[in-house]
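The structure under discussion appears below in the form of structure tokens.
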Amino acid sequence: MEYFAVGSAQSVIDARQADELFAALLDRLGRLRRVLLIPPDYTRLHSGVGTLAVQLYQQLVQRGTDVLVLPALGTHAPLTAAEISAMFPQLPHDTVRVHNWRADLVELASCRPSMCTQSAKVASHTRSPAR
């Protein structure tokens with residue numbers, strides 16, 4: 001679902017314009033009680049997405065929304081306190097949920113080899129966990 005599209009390969013969206021875009025987006029969404037922001041992890045520090053996440057966080061909090069931040073780690077290591085400060089300046093550390101994808105997962109179910117073979121169209125001889 002697209003709420004707005006702005007810019008081009010040559011465009012630069014400054015902090016003021018980002019604030020305006022976030023405000024317009026939040027106006028369209030209406031009252032939000034709880035939000036989980038999932039920005040990229042520290043490996044994307046230089047993209048500026050951490051600063052954007054902080055701007056969105058601040059606007060949500062000003063509107064009375066309960067906000068948590070869960071950096072999308074992929075296969076990377078959990079963020080350290082120093083990385084959180086660098087990636088998300090002015091973001092309270094207690095709003096960042098640090099997780100370890102290798103150790104924090106819980107198996108919810110599993111897929112029989114025959115089901116995996118059928119859906120993936122590749123022979124499977126092992127049970128596949130759903131986490």
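Readers should treat all values here as calculations from the given coordinates under stated rules, not as data from a laboratory. Note that this is a predicted model, so its numbers are computed, not measured. Note that each Cβ is placed from the backbone with ideal geometry, even for glycine, and that neighbours are counted across all protein chains shown.
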Open item on the list: Limiting things to C-alpha atoms, what are the Rg and the maximum Cα-Cα separation (Dmax) for the stretch 1-100, in angstroms?
Closed with: 13.9, 37
Task: Per-residue Cβ neighbour rank within 10 angstrom, fewest leading, Tyr42, Tyr57 - done: Tyr42, Tyr57
Open item on the list: Placing unit charges on C-beta atoms (Lys and Arg positive, Asp and Glu negative, everything else neutral), compute the dipole magnitude of the stretch 1-100 about its Cα centre in debye, rounded to 20.
Closed with: 260
